[in-house]
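Asker: Here it is, the structure in full.
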Amino acid sequence: MQRRHDLDWVRVCAFALLVLYHVGMYYVTWDWHVKSPAASDALEPFMLLSSPWRLSLLFLVSGTATAFLLGKAQRSGEAARTRTRFLGGRSWRLLLPLIFGMLVIVPPQAYYEVVEQLPGGYHDGYLAFYARYLTAYDGFCDADGCLDVPTWNHLWFVAYLWVYTVAVWLLWRLAPRALDAAGGLLAPALSGLGVLVWPVLFLGVARVLLVGRFEQTHALVDDWYNHAQYFGVFLFGFLIARAEGVWQAIERLRWPALVAWLASWAALIAYFIRFADADPPEALRVTMRLGWGLNQWCAIVAVLGFAHHWRPGDSRVLRYLVAAVFPIYILHQTVIVAVAHHLKPLAIPPLIEGPLLVAITFAACFGGYEVIRRVRWLRPLFGLRTTGAAADAPALAAGPR
């Protein structure tokens, strides 16, 4: 099988969008680790352009990649050994960066959060904070509660991805016929208009039933709405990976999906503005939760459909970005939080500070990647292989290699 370069580009662009989104979190009213003195609701409609679907798209692409990688393992010679090696390799390339990130990369985010948000501030310095961080200190508290440390913050995605990979691997080992049957049922059902209808219903109903009962915590053990949507699309991506009829339907429906996405986005904005300070009627609340599912899936279909239609090919730039994206993802939020905190005393106008923060973040992250890729012992800490012809192959591959 040839590599799906369109999915490579989708993943690269989605992670780049994630960097922009997290810069935006500094300037909106939503809760985040550090906040700009000029934070307002001005950017929030633009943040809502991607917040319903961006992470779901990444999980779907990761599910598709997992299907390709498992298929490659199945076609190899020593099948049983290779299948076990697959899980070991994926665990090494996801869990080692997760643990390293929680111990080294993420703590500065929690430190600056404590410095800025703890009542009276925090004045003991980073080393004293880090010692408390490692011992699960529970005294970093304000009126909204206490900060849980150690934490994985933005690296929750890696933890969830590993859990979902293990779950699908177990299904693949223990119930392969059930997986094949599910894929066989999905393919014809989703080869036409059903590729819009059925996933929208699934995501909309999941939101109606679960989002009001389970807060989105990213804490793994109690995050049932997120598991429903994210594992749902991960498994969906796994099942449709080789269903060419489904991908053709996604391509054909890219324009209707784009229109439905933008129309539902406008409806969501109007809804949130109208009921910013009041409770909506319950029927309207349910309707808009279904509308969230519509927005979520139609955006994904539009993105995948246009990427599949354009079919961008391989290039040196793409190979570089595919390898760089996971280390940059690991680094980016800590860079944003630290740089934003230290820019704050300069009182730079947000229209200048925001683009500057974006530029510094990308420059620092790409600079960090250039160091990481050249230092053998650093590479596995950021999800890169240490040796071999495919040493720069990413931990989050988007297709067969």
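The values are calculated or read from the model by the stated rules, or taken from the named source; none is laboratory data. Here the structure is a predicted model, which is why all the values come from computation and not from measurement. Because the Cβ atoms are built from the backbone with ideal geometry, glycine has one as well, and the counts that use them run over all protein chains shown. Heads up: the accessible areas ignore ligands, DNA and RNA and are worked out on the full protein's heavy atoms, side chains in. Shrake-Rupley method; radii C 1.70, N 1.55, O 1.52, S 1.80 Å.
Asker: Of all the accessible heavy-atom surface of the chain, with the other protein chains kept in place and a 1.4 Å probe, what percent is carbon and sulfur?
Answerer: 66
Asker: Same structure again: Calculate the dipole size of the chain relative to its Cα centre from +1 charges on Lys and Arg beta carbons and -1 charges on Asp and Glu beta carbons; express the result in debye to the nearest 20.
Answerer: 2100
Asker: Cut-off 10 angstrom, C-alpha nodes, Gaussian network model of the chain. Which of 178, 278, 249 fluctuates the most?
Answerer: Highest fluctuation among the options: 278.
Asker: If I build a Gaussian network model for the chain, linking alpha-carbon pairs within less than 10 angstrom, which residue out of 364, 143, 241 has the largest mean-square fluctuation?
Answerer: It is 143.
Asker: On a 1.4 Å probe surface of the protein chains, which of 214, 272 comes out largest in accessible area, and what is the full order?
Answerer: Result, largest first: 272, 214.
Asker: Here's a follow-up. DSSP loop (so not H, G, I, E, B), at most 11 other Cβ within 10 Å: list which trypsin sites (Lys or Arg not before Pro) in segment 325-381 pass both filters.
Answerer: Filter output for segment 325-381: 374, 376.
Asker: I would also like to ask the following. Toward the positive end of the charge dipole of the chain, about the Cα centre and with charges on Cβ (Lys, Arg +1; Asp, Glu -1), which of 266, 188, 150 goes farthest?
Answerer: It is 188.
Asker: Another question, if that's okay. Tally Lys and Arg at +1 and Asp and Glu at -1 over the other residues with C-beta under 13 Å from the C-beta of residue 230: what net charge comes out?
Answerer: Spelling it out: positives minus negatives among the neighbours equals +1.
Asker: Moving to a separate point now. Can you pull the one-decimal nm distance between simple spin-label points at residue 244 and residue 41, each 7 Å off the Cα toward Cβ?
Answerer: 5.0
Asker: So how do 217-230, 97-110 stack up, highest first, on mean other-Cβ count within 10 Å?
Answerer: The packing order, highest mean first, is 97-110, 217-230.
Asker: I would also like to ask the following. For the chain, set up a GNM with springs between Cα atoms under 10 Å and report which of 256, 281, 355 has the largest fluctuation.
Answerer: Comparing 256, 281, 355 in a Gaussian network model of the chain, the most mobile one is 281.
Asker: Oh, and also: With a 1.4 Å probe and all protein chains kept in place, how much accessible area does residue 35 have, in Å² rounded to the nearest 10?
Answerer: 50
Asker: On the principal axes of its Cα set, how long, how wide and how thick is segment 1-137? Give whole Å, largest value first.
Answerer: Sorted from largest, the Cα extents of segment 1-137 read 63, 40, 16 Å.
Asker: Give me the one-decimal nm value for the distance between modelled label points at residue 163 and residue 72, 7 Å along each residue's Cα-to-Cβ direction.
Answerer: Taking the simple label geometry, residue 163 and residue 72 are separated by 2.7 nm.
Asker: Give the shape of segment 135-223 as rounded, prolate or oblate, defined through the alpha-carbon gyration tensor: a ≥ b ≥ c are the square roots of its eigenvalues, a/c under 1.5 means rounded, and otherwise the shape is prolate if a/b is larger than b/c and oblate if not.
Answerer: Oblate.
Asker: Would you please classify the overall shape of segment 190-268 from the alpha carbon gyration tensor, given that a ≥ b ≥ c denote the square roots of the eigenvalues, rounded means a/c under 1.5, and beyond that prolate means a/b larger than b/c while oblate covers the rest?
Answerer: It is oblate, given that a/c is not under 1.5 and a/b is not larger than b/c.
Asker: May I pose another question? How large is log10 I(q)/I(0) at q = 0.12, 0.24 Å⁻¹ when the Debye formula is applied to the Cα atoms of segment 1-77, each weighted equally and without solvent?
Answerer: -0.48, -1.08
Asker: Still on this model: Shape call for the chain from the C-alpha gyration tensor, a ≥ b ≥ c root eigenvalues: rounded (a/c under 1.5), prolate (a/b greater than b/c) or oblate?
Answerer: Taking the square roots of the gyration eigenvalues as a ≥ b ≥ c, the chain is oblate.
Asker: Before I look further, what does the chain give for accessible area per residue, probe 1.4 Å, in whole square angstrom?
Answerer: Normalised by residue count, the accessible surface of the chain is 46 Å².
Asker: Continuing with the same structure: Can you give the alpha-carbon Rg of segment 266-307 over 2.2 N^0.38 Å, where N counts its residues?
Answerer: Output field value: 1.40.
Asker: Same structure again: May I ask you to list the trypsin sites (Lys or Arg not before Pro) in segment 171-253 that are in a DSSP loop and have at most 12 other Cβ atoms within 10 Å of their Cβ?
Answerer: 213
Asker: Can you tell me how much longer the chain between residue 17 and residue 181 gets when fully stretched, taken as 0.36 nm per residue apart minus their C-alpha distance, in nm with one decimal?
Answerer: Contour length minus Cα-Cα distance gives 55.5 nm.
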